[in-house]
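Note sheet for the following structure.
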Amino acid sequence: MKSSEQLFQEALAMIPGGVNSPVRAFRSVGGIPFFTKSANGARLTTVDNKQLIDFVLTWGPAIHGHNDPEIRKAIQEALEAGTSFGTPNPLEVEMAKLILECVPAVKKVRMTNSGTEATMSAIRLARGYTGREKIIKFSGCYHGHVDSLLVKAGSGALTQGNPDSAGVTKGTAADTLVAEYNNLPDVEKLFEANPGAIAGVILEPYPANVGLILPQKGFLEGLRNLCTKHGAVLIFDEVMTGFRLSLAGTQGLHHVVPDLVCLGKIIGGGLPVGAFGGKAEIMDKLAPLGPVYQAGTLSGNPLAMAAGLAAVRKLKRENPYQRLDRLGIKVRDTLLSAAKAKGIPLHVPQVGSMFSLFFNPEVVNNYDQAIASNGDLYRKVFRYALDHGVYLAPSPYETAFISTAHEGVDIDQACATLDLAIRSL
Ligand code: KE4
């Protein structure tokens, strides 16, 4: 089999940057990306026959670890009946039922093929429902590559240094207002300056595309009150956190109820998927019932539904969230104690099976503090870890994920390596 180096050279000649998604290109951590041959449990096997304990988990979906036997079996069974029908199929009804059962804010739901489609559709729906044009987002939040949300965006946009992407017209960007996360007065000012013009507020309730940032006390409640007061739609983008932090996503950790919720990743069990849902009176504005058009050839695809149903049903059955939180705390404490021993300022936000590393003496509460953190130290830790068999996100503006498959030998081995990675600084 060709090496990662050989494959990357070939890819570069045919695929922009050699990758089908920019953050995979290792541009912010240096070196060339490895190519994966297979994945099982907590580990990736590269084409160079290196084994890596994986904390990226295909950017979130693999909460049970890679190649989970129940998910694989569900896909194989669905495959016997064909791959796509272009008509309604029973699995879509089961998926809708499961999402409504698990996420209280969702009274009606529509499937899409990616998180980007979910957020793009949610903001169009908010505009169609309210008849207003402006949307508030938060600097550093990433909602996929939607034109109107690629403004001060996080994840790959920030990693590549273009949080305001080329190709997004001034007209489009003009309807996107940007506030600072954890800063309610900033949001109030935008509502006061744009009376009756704001269709919705979209945010990752726990931003995880600028590293991981946690909401300060009262912030989410304050957003809920402002949206209710001004008649704007409150949209929680839980593409990453949905089913990751609880069966109801972040909504299992606080009491704030959004008007719309965007989902993805875990509900596809590793196959292409997205979804958006919420209040019936809003969702019923969607075609074919209402005037807001939204569609997708492969939306509700039976293979993706089968994989997602298996993944979510396993979460319902096992309810692994406390186990995952214990693993997250173990990694967090390992990193913090090593940094303390070295006298290096390190902040490790962690919630459940999500954590990130900010080399920063302060607690990071917003975008400006996140980007002021020491990226060079992150890159050194990334490189040391990778050279010693542990794969962290190839950017400081991402979040690490842990799966139930990490429990036991893999988490112990990874913690030993991460401890040495910090001590090697
Ligand atoms: P997709 O279109 O990539 O399925 O989802 C977009 C999206 C929407 N909302 C949130 C909160 C997200 O995190 C994402 C995508 N996440 C990134 C990783 N931070 C995907 C990785 C990539 O871009 O390759």
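The values are calculated or read from the model by the stated rules, or taken from the named source; none is laboratory data. All values derive from a computational prediction rather than experimental measurement. Virtual Cβ from ideal backbone geometry, glycine too; neighbours counted across all protein chains shown. Ligands, DNA and RNA are excluded from the accessible area calculation, which covers all protein heavy atoms including side chains. Shrake-Rupley method; radii C 1.70, N 1.55, O 1.52, S 1.80 Å.
Protection proxy ranking, highest mean first, for peptides 393-403, 340-350: 393-403, 340-350, where packing is the per-residue count of other beta-carbon atoms within 10 Å, averaged. Evaluating kT/(6 pi eta Rh) at 25 °C and 0.890 mPa s, with the Kirkwood radius of the range 69-317 over Cα pairs in the Stokes-Einstein relation, gives 135 µm² s⁻¹. Annotation: extensible slack from ALA193 through THR83 equals 34.6 nm (criterion: 0.36 nm per residue apart, minus Cα-Cα distance). Dipole size of the chain about its Cα centre, with +1 on Lys/Arg Cβ and -1 on Asp/Glu Cβ: approximately 180 debye, rounded to the nearest 20.
Per residue, the accessible area of the chain comes to 40 Å² when a 1.4 Å probe rolls over the protein heavy atoms. For the residue pairs LYS217/LYS265; LYS2/LYS330; LYS152/LYS189; LYS50/LYS380; LYS170/LYS217, alpha carbon separations beyond 30 Å are given by LYS2/LYS330; LYS170/LYS217. Globularity index of the chain is 0.95 (Cα radius of gyration / 2.2 N^0.38 Å, N = number of residues). Take every DSSP beta bridge whose two residues both sit in the range 69-317, then give the antiparallel share in percent to the nearest 5. Antiparallel bridges: around 40 percent, rounded to the nearest 5. Of all aspartates and glutamates in the structure, those lying under 20 Å Cα to Cα from LYS316, and not within fewer than 8 positions of it along the same chain, are ASP68, GLU70, GLU92, GLU94, GLU101, GLU238, ASP325, GLU407. Ranked by the mean number of other Cβ atoms within 10 Å of their residues, highest first, the peptides 305-317, 256-268, 146-158 come out as 256-268, 146-158, 305-317. Between THR172 and SER21, the modelled label-to-label distance comes to 2.0 nm, taking each label 7 Å out from Cα in the direction of the beta carbon.
Contact order for the chain, expressed relative to its length and based on alpha carbon pairs under 8 Å spaced 6+ residues apart, stands at 22 percent.
Charged side chains reduced to their Cβ positions (Lys and Arg at +1, Asp and Glu at -1) give the range 69-317 a dipole of some 320 debye around its Cα centre. Looking at the chain, the DSSP beta bridges with both ends there are about 60 percent antiparallel. Peptides 70-79, 414-423, 201-210 ordered by packing proxy, namely the average of other Cβ atoms within 10 Å per residue, highest first: 201-210, 414-423, 70-79.
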